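First comes the structure, then the notes that go with it.
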Amino acid sequence: MSHKKPLLRALALAIGVVALAACSHPAKTSSTNRPVAIVNGHAIRQGVLDTFLGVTKNAPSQLSPMIQNLALQRLVDIQVLAQKGRQAGLLSSPRARDSLFLQRQVLLANLEIRHYLKTHPITPAQLKSAYSKTVGRMGHHEYKARHILVKTRAQAQAIIVDLEHGQHFSTLAKKFSEDTTAADGGELGWVSASQETPPFAAALRKLKVGQYTRVPVKTQFGWHVIELQGKRPITPPSFKQMHTRLLNVLRNKEVTDFITRLRSQAKVKILLKPSAAPTGPASPPAAPAKP
């Protein structure tokens, strides 16, 4: 029974706008139009209850009758509040009209995203290619490393000279490094090459255990002196283990590219004059859901 408590609590607090179910469209069966309650002469349909509960064509309800009844009671609460608000003319305010317009636009945008993903599914070949690239970037080893980050090449070169004269790496890191790891002597722990920027990863691969870079390494963060403390083989995660994450990454890219194309074809004229107007497509209205 304990697993029901969070759901019961959520249903008890769910008086508000009924959002579109996150997974897919409501199940299209003959029962969706069947009234499950009548409130002051207005029906609440089974399809509305299904949407409220997140029941879909691909995910039939596994909820107990008790949970479904509690959800219906909340929908009745929403209905009586909505009827009272309509009688009071609350929908006539500019704020309410704008809010309804925005909700409709977001709903349509999300439906379009789902429709696009359904009609442009990620193929097995795309997933396999993404897996190969990800594993390739990850490499076959993990590296235990520490580094010192400074602003200029001259500073990094001076630190290398200090190391050559026998000064301790951790002492120099605590004294000079501008990275958040300075207090720990520059310790990065065990990392894979894919976790680091390409120049940093390339330097790690060239070092032997116990060596430090004799030439400063430049990245977008500044100049690094890197020491390799250890190296061990790793087994990349399997395709099955990475499937969901890769699918989400590819779907997000599909949606971003889709929005970019739509924006490039649209006639957009920005009339607002902010201090710095952003350009290009914004983030999708919501994270793409599984079609």
The condition from (1) modelled with pLDDT under 85; (2) outside any helix (DSSP H, G or I) that Lys4 misses is numbered (2)
When you go through Gln83, Gln103, Gln62 one by one, which is the residue that is of a type outside the set (Ser, Thr, Tyr), surrounded by 12 or more Cβ atoms within 10 Å (Cβ to Cβ), on the phi < 0 side of the Ramachandran plot and outside the structural domain of Arg261 (by TED's automatic domain parsing)? Gln83
Being surrounded by fewer than 17 Cβ atoms within 10 Å (Cβ to Cβ) and within 35 Å of the chain's Cα centre (by Cα) is the filter here, so list the residues in the stretch 153-181 that pass it. Lys174, Glu178, Thr180
Checked against (1) more than 30 Å from the chain's Cα centre (by Cα); (2) within 30 Å of Tyr131 (Cβ to Cβ); (3) modelled with pLDDT of 95 or more, Pro199 satisfies every condition except (1)
Those residues of the stretch 189-200 which are farther than 16 Å from Pro233 by Cβ, touching a residue at least 24 places away in the same chain (Cβ under 8 Å) and either touching a helix residue (DSSP H, G or I) at 6+ places or on another chain (Cβ under 8 Å) or outside any helix (DSSP H, G or I) (or both), in sequence order: Gly189, Thr197
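The values are calculated or read from the model by the stated rules, or taken from the named source; none is laboratory data. Because the structure is a prediction, the values reported are computed rather than measured. Ideal geometry is used to build each Cβ from the backbone, glycine not excepted, and the neighbour counts take in all protein chains shown.
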